Each structure stands twice: as C-alpha cells, then as structure tokens.
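Here's the structure we're looking at; comments come further down.
The values are calculated or read from the model by the stated rules, or taken from the named source; none is laboratory data. From a predicted model like this one, the values you see are computed outputs, not experimental measurements. All Cβ positions, even for glycine, are placed from backbone atoms using ideal geometry, and neighbour counts span all protein chains on display.
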Amino acid sequence: MTIQKRAVVIAAFAILALIIYGAARYYSPKLVLHIVEQSLAQKAPPETDTIFVQERLHALLSATPDQNAQMEKLLQISAYLEKVQRLTPQELDELLAAEKPGVSPVL
C-alpha cells in the first residue's frame, strides 16, 4: 500500500471518528435527561404520577440559566438516585425543588 493510500485511509478514519464524537457530544445531554427522567419515574413513590414528575423536572431545568448548569443539576440528581432504592415524597420534593440563589441544596 502506498503512502497516499495510507493517508486516505487514516483521513477517512479521522473523519469517521470526528463524526461519531460530534454525534455523541450532541446527543449526550438528551440521553442523560432521558435516563434521569426514567430513574425518577421508577424510584418515585407509588402514588406519584410520572407525567407530574417529568413536568417538575423540566420546570426545574428551565429555571436554570445555561446548559452547563442544567447538565450539572441532572448529574447531581443522577448521583443521588444511584444511592437510593425508593424515593420518599419528601426526597422527591427536595430533588425537584427550584433552588433559590444563595441557598445550597440539602442533598
């Protein structure tokens, strides 16, 4: 194989890697949001409506200023959900409560 053919193969792999990286970077926030929604729905108290939980989560995220803060909040919720088997109504309220500036979360 000549050097020119090798360069073309390496360039094709590099372009493919960039496309995969771009797609993963674009879809990762949506994937994290979906996973957190599903985890909240599974671990919520039995009498809680899943649509209500999703609406509260989206309201919480829309109150956050930018995408980085939203992703940080989602990762905080995800880390907390990993530690519990089932959420109590009080824990669910604390997780989905809109934070006031200057007040640190209880979690």
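Identify the single condition in (1) at pLDDT below 90; (2) within 17 Å of the chain's Cα centre (by Cα) that GLN54 does not satisfy, given that it satisfies every other one.
Of (1) at pLDDT below 90; (2) within 17 Å of the chain's Cα centre (by Cα), only one is false for GLN54: (1).
Please pick out the residue among GLN85, GLN70 that is part of a loop (DSSP other than H, G, I, E, B), touching a residue at least 24 places away in the same chain (Cβ under 8 Å) and of a type outside the set (A, V, I, L, M, F, W, C). It would help to see each step written out before you state the result.
Numbers: GLN70 fails: part of a loop (DSSP other than H, G, I, E, B).
Exactly one residue qualifies, and that residue is GLN85.
Scan (1) in a loop (DSSP other than H, G, I, E, B); (2) modelled with pLDDT of 90 or more; (3) not basic (Lys, Arg) for the single condition ALA24 breaks and write down its number.
All conditions are met except number (1).
What residue, of SER28, SER39, is among the hydroxyl-bearing types (Ser, Thr, Tyr), closer than 30 Å to LEU95 by Cα and touching a residue at least 12 places away in the same chain (Cβ under 8 Å)?
Details: SER28 fails: touching a residue at least 12 places away in the same chain (Cβ under 8 Å).
The match here is SER39.
Would you pick out the residues in the stretch 24-49 that are among the hydrophobic types (A, V, I, L, M, F, W, C) and more than 16 Å from the chain's Cα centre (by Cα)? Give the steps one after another, and end with the answer.
Step one: list which residues in the stretch 24-49 are among the hydrophobic types (A, V, I, L, M, F, W, C), which gives 24, 31-33, 35-36, 40-41, 44.
Passing the criteria: only ALA44.
What residue, among those in the stretch 88-98 that are farther than 14 Å from GLN42 by Cβ and in contact (Cβ under 8 Å) with a residue 12 or more places away in the chain, is surrounded by the most Cβ atoms within 10 Å (Cβ to Cβ)?
Filtering first and then ranking leaves LEU96.
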